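In what follows, a single structure is set out as structure tokens and then discussed.
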Amino acid sequence: MDWGLQNRLARIIKPATGRTVMLAVDHGYFLGPTSKLENPRATIEPIVEYADALMPTRGVLRTSVDPKTQTPIVLRVSGGTSIIGPSLADESITTTFEEAIRLNVTAVALSIFVGTDYEHNTLMNLADLVNEGETYGIPVLAVTAVGKELGKRDARFLSLSCRIAAELGAHFVKTYYCEEFEKVVEGCPVPVVIAGGPKLDTMNDVFPLTYEAINRGAVGVDMGRNIWQSEHPVAAIQAVRAIVHEKATVAKALELFNDLKATRN
């Protein structure tokens, strides 16, 4: 891995802790104006400073993110499907590397759909993106998406997906937390971050998920709805940061969340 790739990854996965808190705001590319993300700028502005990286699409980046931000951008570059279409897995690359470079992104991200009719297409999308990423020195995040089939989130399937992504050259991987998550991490030779997934009921669910994933080998989280759909998103992201970067316990994170929501949100 050359200097440029290493430097860009170090902006996302912080060298001081070896961990990261990414903030996913790319949901509109297939969900449309989902709850609490109807106005992306209003959602992003209060919390972006607490993220180690922000993950938007190019449209939201241009319209809704302050160009003066110092938060690294991991740009979503795959899409072409919607929640009402026949399959979320039928994705293509939507953004060229030249465009990503003009936008000064730190990394690019796409989804792969292992085990679907579109497995080959999405894996070749990843391979092509890695080839270009190596040319320009920009890391690639592979997202092991499962579409509407959330039942596939077990260690065997996620281990397969993450390993294939790493074998094809992904520089880091985003996947779901599951039972025996440590097996997923052990079988993947590149850093693994966990997705927050669908909105959980309360922060009493979010903090244990974060804590267990970190303690079983994840280098961090890439959360969206469980941060910005919270009634107290500023408190939520800071409490998640405490677990990821400061090794806070679930109880300590909950205490911090309750203190912050009383004063900051």
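A short reminder: the numbers here are calculations on the coordinates, not readings from a lab. Computed from a predicted structure; not experimentally measured. No Cβ is skipped: glycine too gets one built from the backbone with ideal geometry, and neighbour counts run over all protein chains shown.
Please tell me if residue 20 is closer than 17 Å to residue 138 by Cβ, buried (at least 18 other Cβ atoms within 10 Å of the Cβ) and hydroxyl-bearing (Ser, Thr, Tyr). Yes: the conditions hold for residue 20. Of everything in region 227-265, what is aliphatic (A, V, I, L, M) and touching a Ser or Thr at 6+ places or on another chain (Cβ under 8 Å)? Give them in sequence order. Matches in region 227-265: 236, 240, 243, 244, 253. Tallying residues that are surrounded by fewer than 19 Cβ atoms within 10 Å (Cβ to Cβ) and more than 16 Å from the chain's Cα centre (by Cα) within region 186-204 yields 7. For residue 175, the conditions (1) in contact with a Cys (Cβ under 8 Å, 6 or more places away or on another chain); (2) buried (at least 24 other Cβ atoms within 10 Å of the Cβ); (3) over 23 Å from residue 44 (Cα atoms) are fulfilled apart from (3). Assess whether residue 180 counts as being more than 29 Å from residue 48 (Cα to Cα) and either in contact (Cβ under 8 Å) with a residue 60 or more places away in the chain or in contact with a helix residue (DSSP H, G or I) (Cβ under 9 Å, 6 or more places away or on another chain) (or both). So residue 180 passes the test. Taking each residue of region 103-122 that is free of Cβ contacts under 8 Å to residues at least 24 places away in the same chain and more than 13 Å from residue 172 (Cα to Cα) and looking for partners that are in a loop (DSSP other than H, G, I, E, B) and among the basic types (Lys, Arg) with beta-carbon atoms closer than 6 Å, six or more apart or interchain, yields nothing. Every condition in (1) over 16 Å from residue 228 (Cβ atoms); (2) surrounded by fewer than 19 Cβ atoms within 10 Å (Cβ to Cβ) holds for residue 33 except the one numbered (1).
Residues of region 205-228 that are of a type in the set (D, E, K, R) and either over 20 Å from residue 172 (Cα atoms) or surrounded by fewer than 24 Cβ atoms within 10 Å (Cβ to Cβ) (or both): 205, 212, 216, 225.
Among the residues of region 110-125, is any out of contact with any Leu (no Cβ under 9 Å at 6 or more places or on another chain) and of a type in the set (Gly, Ala, Ser)? No.
For region 180-231, the tally of residues that are in contact with an Asp or Glu (Cβ under 8 Å, 6 or more places away or on another chain) and under 21 Å from residue 110 (Cβ atoms) stands at 6.
Count of region 92-111 residues, restricted to those that are over 18 Å from the mean Cα position of the chain (by Cα) and not in a loop (DSSP other than H, G, I, E, B), is 6.
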